[in-house]
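The values are calculated or read from the model by the stated rules, or taken from the named source; none is laboratory data. Predicted, not measured: the structure shown is a model, and the values here were computed from it. A quick note on method: Cβ atoms are made from the backbone with ideal geometry, for glycine too, and the neighbour counts reach across all protein chains shown. These accessible areas exclude ligands, DNA and RNA; they are computed on the full protein's heavy atoms, side chains included. Shrake-Rupley method; radii C 1.70, N 1.55, O 1.52, S 1.80 Å.
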Amino acid sequence: MRKVGLTIGAGDLDEVLDRLLPLVPQGVHDLPAGEDRLELAVYGGAPSRAELESAVGAALIEITESEVDDDPERRRLEAYARREPIGGRVVVRPDGAPRGAEGLLDLVIEGYGGAFGAGTHPTTEMCLELLLGLEPGGSFVDLGCGTGVLAIAAAKLGWGPVLALDHEEIAVEAARANALRNAVEVDVLQADLLEIPPPPAATLAANVPPKVHARLAERLPSEVRTVIASGVVDDHLREAAAAYGRAGLTLAARLERRSWTAALLVRDG
């Protein structure tokens, strides 16, 4: 099968995808290509090289063509093998992909019908990096858990008990299956985060849209000492941080990647 690799700067991804995706309805796969660079892989016979070059425009650093394995599952596993450990410490991979080096936290995560959180989205990566900077301990809640990657990482790092909530049934099923696959205890429940107050856990991770952050902050229990917040772009993060500030939390750290932002908020005192 033909593969066209388009190397761009990581910061150009969203703008390039806006122009590229109308040409490739089958989608593209972004792969790491060195510091602050990504390779966008397009598989199949169409569109032409010239059409792809024109769509990417001035953001194009390099373009390559090669023949690759016809099997999409083998290509997927090979792509995961190219990814660097998140925060230098965590490998998130599908079942069948190579394990990371000894000493790394190994998370085996399957998506199950499109449940969010395969470990490749910038918001998931940044939440994991912020989690790695905390001292594990006490109760932990993953709100909008998707596949359960943050809850499973927290359980493996030493938090407990761990609870994961999502409003989508497919996500709940995926998180439960992934917790079993990783041999950790995570209680996974289906819940509408706009309707229920956040559980009173010491540490809370919420990779959710802005309106959910606003609702969570309004009803945040005093027992919550630390919040990892993402799922928002820069402008919305300022609004979310202000809402959590009214609940008694202060912005302690923030990360930015590909127009997405994540924040660590801690309770005063």
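In the stretch 244-269, what count of residues is obtained for those that are within 16 Å of Ala10 (Cβ to Cβ) and either more than 18 Å from the chain's Cα centre (by Cα) or in a strand (DSSP E or B) (or both)?
Going through the stretch 244-269 one residue at a time, the tally reaches 6.
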* May I ask you to verify whether Glu223 is open to solvent by 70 Å² or more (accessible area, probe 1.4 Å), modelled with pLDDT under 95 and charged (D, E, K, R)? => no
* Structure fact -> Sole miss for Ser48 among (1) modelled with pLDDT under 85; (2) hydroxyl-bearing (Ser, Thr, Tyr); (3) loosely packed, with under 14 Cβ neighbours inside 10 Å is condition (1)
* Asked: When Gly34 is evaluated against the numbered criteria (1) outside any loop (DSSP other than H, G, I, E, B); (2) in contact with a strand residue (DSSP E or B) (Cβ under 9 Å, 6 or more places away or on another chain); (3) not hydrophobic (A, V, I, L, M, F, W, C), which criterion, by number, is the only one it fails?
  -> (1)
* Restricting attention to the stretch 209-219, does a residue exist that is out of contact with any Asp or Glu (no Cβ under 9 Å at 6 or more places or on another chain) and free of Cβ contacts under 8 Å to residues at least 12 places away in the same chain? -> no
* Asked: Within the stretch 209-217, is even one residue closer than 29 Å to Gly11 by Cβ, open to solvent by 10 Å² or more (accessible area, probe 1.4 Å) and assigned to a loop (DSSP other than H, G, I, E, B)?
  -> yes
* Structure fact -> Per the filter on the stretch 7-29, residues part of a strand (DSSP E or B) and either small (Gly, Ala, Ser) or out of contact with any Asp or Glu (no Cβ under 7 Å at 6 or more places or on another chain) (or both) are Ile8, Gly9, His29
* Of (1) in contact with a Pro (Cβ under 8 Å, 6 or more places away or on another chain); (2) open to solvent by 10 Å² or more (accessible area, probe 1.4 Å); (3) not in a strand (DSSP E or B), Glu173 satisfies all except one. Which? -> (1)
* Got at least one residue in the stretch 172-186 being of a type in the set (Lys, Arg) and touching a residue at least 60 places away in the same chain (Cβ under 8 Å)? -> yes
* Asked: Which one of these does Val186 not meet: (1) out of contact with any helix residue (DSSP H, G or I) (no Cβ under 6 Å at 6 or more places or on another chain); (2) more than 21 Å from Tyr244 (Cβ to Cβ)?
  -> (1)
